[in-house]
1. Taking the condition modelled with pLDDT of 80 or more and part of a helix (DSSP H, G or I), does Val156 pass?
2. List the pairs whose first member sits in the stretch 1-19 and is within 18 Å of Ile52 (Cα to Cα), whose second member is of a type in the set (A, V, I, L, M) and outside any helix (DSSP H, G or I), and whose Cβ atoms are under 8 Å apart, counting only residues at least 6 apart or on separate chains?
3. For the stretch 1-20, which positions are closer than 23 Å to Ile170 by Cβ and of a type in the set (Val, Ile, Thr)?
4. Could we say that Ala29 is of a type in the set (Gly, Ala, Ser), crowded, with 20+ Cβ neighbours inside 10 Å and over 10 Å from Ser101 (Cβ atoms) here?
5. List, please: which pairs have Cβ atoms under 9 Å, are six or more places apart or on different chains, and start with a residue in the stretch 82-100 that is closer than 16 Å to Ser21 by Cα and end with one that is loosely packed, with under 13 Cβ neighbours inside 10 Å and modelled with pLDDT of 80 or more?
6. Pick from the stretch 94-144 the residues that are part of a helix (DSSP H, G or I) and of a type in the set (Ser, Thr, Tyr): which of them is modelled with the lowest pLDDT?
7. Can you list residue pairs whose Cβ atoms sit under 6 Å apart, with the first residue in the stretch 21-49 being closer than 12 Å to Val171 by Cβ and the second being surrounded by fewer than 19 Cβ atoms within 10 Å (Cβ to Cβ) and at pLDDT 95 or above? Count only pairs 6 or more apart in sequence or on different chains.
8. What's the number of the only condition in (1) of a type in the set (Gly, Ala, Ser); (2) surrounded by 15 or more Cβ atoms within 10 Å (Cβ to Cβ); (3) within 20 Å of Leu166 (Cβ to Cβ) that Ser90 fails to meet?
Amino acid sequence: MRFIEILVIAFALSLDSFAVSLAASTSGAVQGKRAAFRLSFHFGFFQFLMPILGWALGMTIEPIMAAFDHWIAFGLLAIVGLRMIKSAMSPSSKSQPDDPSRGVVLLMLATATSIDAMAIGLSMAMLRVSIWYPSITIGVVTMGMSILAIMVGSRVGAWMGKRAQLAGGIVLLLVGVRIVISHLA
């Protein structure tokens, strides 16, 4: 597999993480460099790890996973997106949404945005392609795209306020719907 092909795959896989990072930072939920690093690192790490997992599973479990992996991704993104929307709509005094770079929310987002990478690993196993170089490239590109999204989102979110949090939740729901539609089509 040529580098340009791997780079195109890596860029395509990173778009969900880009959208989620943009939504989280625009909403004001990602505060500071440590939170930005945690979020982008975990997105990159999961995107690195999932193709390896898919490659290791090979053809044995692929038919089972293909039947419902998109629903898992949708469910995880919907939970986080609905929480963001609820927080944006509530008139409470809490001005900052929960930090998505910590705990269960981080694991849910990282898993949901990287499930497609598992399918890439399965494909590479069928093609008998070594998985390490593509996985590293996918992880690094995803981390870079997430950092870029956080930088852009933090600037946009500063002047949008609660509307950014609402928009971020809607974006997460739309990413989840896109995942389901792309698997059903």
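The values are calculated or read from the model by the stated rules, or taken from the named source; none is laboratory data. No experiment lies behind these values; they were computed from the predicted model shown. Glycine also receives a Cβ, built like all others from the backbone with ideal geometry; neighbour counts cover every protein chain displayed.
1. Considered against the rule, which asks whether it is modelled with pLDDT of 80 or more and part of a helix (DSSP H, G or I), Val156 comes out as no.
2. As it stands, the answer is Met1/Leu127; Met1/Val129, since those pairs meet every condition given.
3. Val20
4. No, not satisfied.
5. Between residues of the stretch 82-100 that are closer than 16 Å to Ser21 by Cα and residues that are loosely packed, with under 13 Cβ neighbours inside 10 Å and modelled with pLDDT of 80 or more, there is no close pair.
6. Here is the first cut: in the stretch 94-144, the residues part of a helix (DSSP H, G or I) are 103-126, 132-144.
Those left that are additionally of a type in the set (Ser, Thr, Tyr): 111, 113-114, 123, 133, 135, 137, 142.
Numbers: Thr111: 92, Thr113: 89, Ser114: 90, Ser123: 80, Tyr133: 95, Ser135: 96, Thr137: 97, Thr142: 97.
Once the filter is applied, the top-ranked residue is Ser123.
7. As it stands, the answer is none, since no pair meets every condition given.
8. Of (1) of a type in the set (Gly, Ala, Ser); (2) surrounded by 15 or more Cβ atoms within 10 Å (Cβ to Cβ); (3) within 20 Å of Leu166 (Cβ to Cβ), only one is false for Ser90: (2).
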